Amino acid sequence: MAVTPDGDGAERDAELLARFAAGDQSAARALTERLLPGALRQAWRMLGDQVEAEDVAQDAMLKLWKQASTWRAGEAKASTWLYRVVHNLCIDRMRRRRPQVPVEDAPEPVDPDPSVLERMAQSQTSAVVAKAIGTLPERQRQALMLRHFEGWSNPDIGAELGCSVEAVESLLARARRQLAAIMSEEREALGYD
Amino acid sequence: MTDATQHNAKFDLDEALDALSRDAEAGSPRPGPDLVARVLAGAAAEVQHPLETADTTYQAPVARAPSVFEALFGWTSGAVAAMALSLAMGVGLGMELDPGDLPMTEEPVTEQFELADGSLFNEDFL
């Protein structure tokens, strides 16, 4: 499961960052074990390419090492900070993939790429749900992904999306309603009552 | 692909999302030893203590042997002591050579010194 930005985890990450900044290499190993899998998974879902995802995850972790000496515990959670860095690095790579389109004309890259999610679905139902998620508006999809796939809390999602907890709850409720509506149309084909 | 049509159960959105989340978790790559090693190498490069890297970036000036005064009193005290010693020697020499003893003649100065103070410029001294 992803490293979630829960309270204890965030405190542990901050403590490890402080130890790393003081020269403790074992803290770097612990942070790598905690944060690298989530960073790689996020990059993979956005890019759909393992080599590129590994490069992004490595770059993001390097930025975290560089940030450690000036890290201010309590101001940001390492996991959410890393999520944002991975997101931006992936967006940069996705934009570079389409050099023939001027940046201002190019549509905003999707996070995550629904086609990647569909490829990972192991059942027909999961494939339909993944496809349905791809039809959600961008912010609803982001909120849903962070809640159900990354295990984030609503306050952390709000901090990431720049909105209140109530707005997050509203985004999630609308996303679920839309998914339920789509799935009700597919229910019979999938064999549900 | 396992198909839900076999179950004829009630559709549950939360269950469906959980199942997709598990699929995504299982289908996502995990960091291999090579990636972990690269990340840790980056950490090791970043955590280098400044004193450990100083040898390659900073050359300390070559140490010179301190003088006796510097060794005894430090370089500032040594410098002051050296100046004081020079001054004392100068005063001592001035007291030895009383200008009143020098006659105002056309004789060479050296000879006048010899005449004025044999103790300083006599053959034994020179």
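Things worth noting here:
- Translational diffusion coefficient (Stokes-Einstein; Kirkwood radius from C-alpha pairs) of the range A:39-79 at 37 °C, 0.692 mPa s, in µm²/s: 296
- Applied to the range A:73-79, the Karplus parametrisation 6.51 cos²θ - 1.76 cosθ + 1.60 on θ = phi - 60° returns per-residue 3J(HN,Hα) values of 4, x, 7, 8, 8, 4, 5 Hz, with x for Gly and Pro.
- When the charge dipole of the range A:7-96 is built from unit charges on Cβ atoms (+1 for Lys and Arg, -1 for Asp and Glu) and taken about the Cα centre, the candidate among A:MET61, A:LEU89, A:SER26 whose Cα reaches farthest toward its positive end is A:LEU89.
- Rg/Rh, computed from the Cα trace of the range A:126-165 with Rh as the Kirkwood radius, has the value 1.02.
- Charge dipole (the range A:114-190, unit charges on Cβ, about Cα centre) - positive-most of A:ALA181, A:VAL168, A:PRO137: A:ALA181
- Largest to smallest principal axis extent of the C-alpha atoms in the range A:7-96, angstrom: 36, 24, 21
- Applying the Karplus relation 6.51 cos²θ - 1.76 cosθ + 1.60 with θ = phi - 60° to the range A:170-185 yields 3J(HN,Hα) values of 5, 4, 5, 5, 5, 4, 5, 4, 5, 5, 4, 5, 5, 5, 5, 5 Hz, where x marks Gly and Pro.
- Kirkwood estimate for the range A:114-190, i.e. one over the average of 1/r between Cα atoms, Å: 12.9
- Net length available on complete extension from A:GLU138 to A:ALA181 is 13.7 nm, with 0.36 nm assigned per residue and the Cα-Cα distance removed.
No lab work stands behind these numbers, since they all come straight from the coordinates. Quantities reported herein were computed from a predicted structural model and do not represent experimental measurements. Note that we place each Cβ from the backbone using ideal geometry, even for glycine, and neighbour counts take in every protein chain shown.
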